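Where a number appears in this text, it was derived from the coordinates with a stated rule and is not lab data. Note that the structure is a prediction, hence the values are computed from the model and not measured. We place every Cβ from the backbone using ideal geometry, glycine too, and count neighbours over all the protein chains shown.
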Amino acid sequence: MKKVLSLVLMLAMLLGMSTVFATEGPINIGCLQDISGPTSSLGNMVYGGVKWAVDEINAAGGVNGRMINVILYDTKGDVTEAINAYTRAVTSDGVSAIVGPPVANIGLAVAPESENNDVPILGFAIDKNCQLKPDGTPYKNMFAFQPAAHQQSAIMGEFAIKNGFTKFGVVYNEGNAYSVSLQAPFIETVTAGGAEVAQVVTYTKNDKDFRTLLQPILNADVEAVFIPNYTQELILIAQQIRSMGFEGALICGLDACPPFNTLFGEPADGIYFINNIDGTEPAIIDMVNNVKTATGIDATNKFFLGYDVANILKGIFEEVGTNPADVRDAVEKVTDYKGLTGNITIDPATHMPKGLEMVMFKYEGSTPIMLERYAAD
Amino acid sequence: MQILQYLINGIALGSVYALIATGFSLIFNVLKFSNFSHGALMTLSAFSGYFIAAGNGWGLVPTILVSVLTGAAVSLFGEFVAFRRILTHNTSPVYFFVSSITLGTLYEGIVVLKVGANFYNYPRFFGKPYRIAGLFVARSDIIIFCISAAALLLLAYMIRKTKTGRALRSVSFDRDTASLMGINVTRTIQFAFIVSGALAGLAGVFLGINYTLYPTMGSIVVKGFIASVIGGLGSLPGAIIGAMLLGILETTLISIIGSGYAPVFTFVIMLVFLLVRPRGIAGSNIQEKA
């Protein structure tokens, strides 16, 4: 009996040791993304950016001689899969940090779980509830590296008012945290700017035919429609509202960024959208060309978000080592990191970036045209 | 005017449901089971149309042809691998149901292997909508309605007026007696699967045009099933009427109570309707075997 007990204890100790992060050998970072689910186009781009940065870092000798090893976890766009993968990353794989997904529903599910560990999650979910608890204090491990929903919506709202739109319709998915988090701040901003929101229409994930839902918006004779939705729904809504004769502006979130223009199937004139990057900048153009040549992939905004975060982690590993708790404390203090997506400073009170710039675009035909930069305050 | 617009939207929606419901009903009519692989067959056919035709810049007609032919061929293959032996060995009809679910999973799996979870979009085949007396009618809706109507009229003619159609009706009424009368039952069932598959291909293209292509788009087959039940399982005219009613009911409910509650009320109305008239609008007392 004693022998059995001793064996069990030894096994437990060995297992326990294996979950502790390693101080030698490769540095493990997790990449928790939707690789095969409904938002896989976003997840694959983030992973592509992380991988590209890590390959660059390793080719240059790694971090103090240690290579970085990216462990990819496929959430399949599913909350349960995401939590299981997260648990595996922090308990079995000994990761020093996790690059999180740009998907609010996953972020919301993982946030409470993350409180039980010390591994920071550097994600891109723009719903502030992914970073902030109900009492307004931040989850200790949750960070966002792009402006929050209220900041993005405020930018889109300010842009709309500045460009003379005075009457709006809004259509959003009431079952999607991302969509919900964008609509209210937009309505607040344009209303505060003196404009009218004539119709707000909600739908659910099962809806595919939006024409009946969109009819009241058309009847209200609005000048612009705000559509903060994932790409597939956005394409359907944009196509159907155009097929109903609406020729006004469609103001969209990040989901209208390329490759929306190639997926849309028709000229996208009159569609305005917000983006993390300015595709006319030489550094961005260079990287897009290099990635295209090497992999055949057209790098989009999520690629650059992943790239910047991986490089931020490299700097932190060099500075404080790879202990997850130390990495987390350092992430909270990231200040003025000059990345391809802008100058990133994390606000310790919110775990979201301060003053990060975003860019408004419109399509002419299928070509995105850069219009104006805004700081997210 | 508003009501008329909703009616147009409802008929447009119902015409696609009608194609699904008819293909579904056709197999139910002959083999007396609900073929749940029909939705995945629609998906597979629609993606074939995309990759072989539309994605290479071919127009609407070649895209439809490729999808219809794929649907027919794959349906025939499905009949052979999943249903033939159950039929010839008079195995428990429950296996029809199990086989159809398995076959559907196989079709969907093939699509996922090829496209992952990504969605695709057919090129825009149609121009701007028509504006008639303040009403907007999308060109796609008109063309989809016309093609659907033509396909269903052709099917009705074939069933009523041709030798093959008469054989189909005989087999659907009583397979054993039809066989004794000299009808080749296997060939007739194969024919039913070919037609059902072709309708699935057509419906798949239209769904893809309206709602984009994605691996789980076949789940909309539930609407076709509901339409078949409302119309009376096994009745082709009933399936069409049921589909139109369902389309109009859905758009009307969405306009009145919004998208969140509309599906709930649709199902409640359907249940109440079936309580009052269990055999549907035009159905006879056919008992589903599985």
Open item on the list: Among DSSP bridges having both ends in the protein assembly as shown, what percentage is antiparallel? Round to the nearest 5.
Closed with: 40 percent
- [ ] Rank by packing, highest mean first: peptides A:334-340, A:180-186, B:273-279, with packing defined as the count of other Cβ atoms within 10 Å averaged across residues.
- [x] A:180-186, A:334-340, B:273-279
TODO: Set the Förster radius R0 to 45 Å, insert the Cβ-Cβ distance between A:Asn323 and B:Arg124 as r into 1/(1 + (r/R0)^6), and round the FRET efficiency to 0.05.
DONE: 0.25
Open item on the list: At 0.36 nm per residue, and after removing the present C-alpha to C-alpha distance, how many nm does the segment from B:Met181 to B:Phe265 gain when stretched out fully?
Closed with: 25.5 nm
TODO: Sticking with the crude label model, points 7 Å out along Cα→Cβ, report the distance from B:Gln2 to A:Thr345 in nm, one decimal please.
DONE: 5.1 nm
Task: Two-site label geometry, B:Thr91 and A:Ala184: point separation in nm, points 7 Å out along Cα→Cβ - done: 5.5 nm
- [ ] About the Cα centre of chain A, how large is the charge dipole given +1 on each Lys and Arg Cβ and -1 on each Asp and Glu Cβ? Please answer in debye to the nearest 20.
- [x] 840 debye
Open item on the list: At R0 = 41 Å, how high is the FRET efficiency between A:Glu372 and A:Asn206 if r is their beta carbon distance? Nearest 0.05 is fine.
Closed with: 0.65
Task: Inter-label distance, nm, simple model (7 Å from Cα along the C-beta direction), B:Thr102/A:Thr87 - done: 3.3 nm
- [ ] Count charges around A:Tyr337 for me, please; just the other residues with Cβ under 15 Å from its Cβ, Lys/Arg as +1, Asp/Glu as -1.
- [x] -3
Task: the stretch B:2-217, dipole about Cα centre (Lys/Arg Cβ +1, Asp/Glu Cβ -1), debye to the nearest 20 - done: 420 debye
Task: Label zone at B:Arg166 (point 7 Å along Cα-to-Cβ), backbone N below 17 Å, the stretch B:182-219 - done: B:182-185, B:188
Open item on the list: Multiplying the sequence separation of B:Lys114 and B:Phe273 by 0.36 nm and subtracting their Cα-Cα distance, what value in nm do you get?
Closed with: 53.1 nm
Task: Estimated [θ] at 222 nm from DSSP helical runs (n ≥ 4, -39500 (n - 2.57)) normalised by residues in chain A, nearest 500 - done: -13500 deg cm²/dmol
TODO: Ignore the peptide's own chain and count Cβ atoms of other chains within 10 Å of each Cβ in A:117-130; give me the average, rounded.
DONE: 0
Open item on the list: Nearest 500 deg cm²/dmol is fine: what mean residue ellipticity at 222 nm does chain B get from its DSSP H runs of n ≥ 4 alone, each adding -39,500 (n - 2.57), divided by its residue count?
Closed with: -23500 deg cm²/dmol
TODO: Could you calculate the contour length gain from B:Arg139 to B:Met158, that is, 0.36 nm times the residue separation minus the distance between their Cα atoms, to one decimal place in nm?
DONE: 4.0 nm
Task: Compactness index (Cα Rg / 2.2 N^0.38 Å), the protein assembly as shown - done: 1.08
TODO: Give me the net charge of B:Leu13's neighbourhood, meaning all other residues with Cβ under 15 Å from the Cβ of B:Leu13; Lys, Arg count +1, Asp, Glu -1.
DONE: -1
Task: Residue among B:Phe119, B:Leu41, B:Thr186 farthest towards the positive dipole end of the stretch B:2-217, charges placed on Cβ - done: B:Thr186
TODO: Any chance you could check the Cα centroid distance between the stretch B:116-175 and the stretch B:87-103 for me, in angstrom?
DONE: 29 Å
Task: For chain A: relative contact order, % (alpha-carbon pairs under 8 angstrom, 6 or more apart) - done: 17 percent
- [ ] Please tell me the relative contact order of the stretch B:2-217 in percent, rounded to the nearest whole number, where contacts are Cα pairs under 8 Å and at least six residues apart.
- [x] 41 percent
TODO: Please get the size of the charge dipole for the protein assembly as shown, origin at its Cα centre, with Cβ charges of +1 on Lys and Arg and -1 on Asp and Glu, quoted in debye to the nearest 20.
DONE: 3320 debye
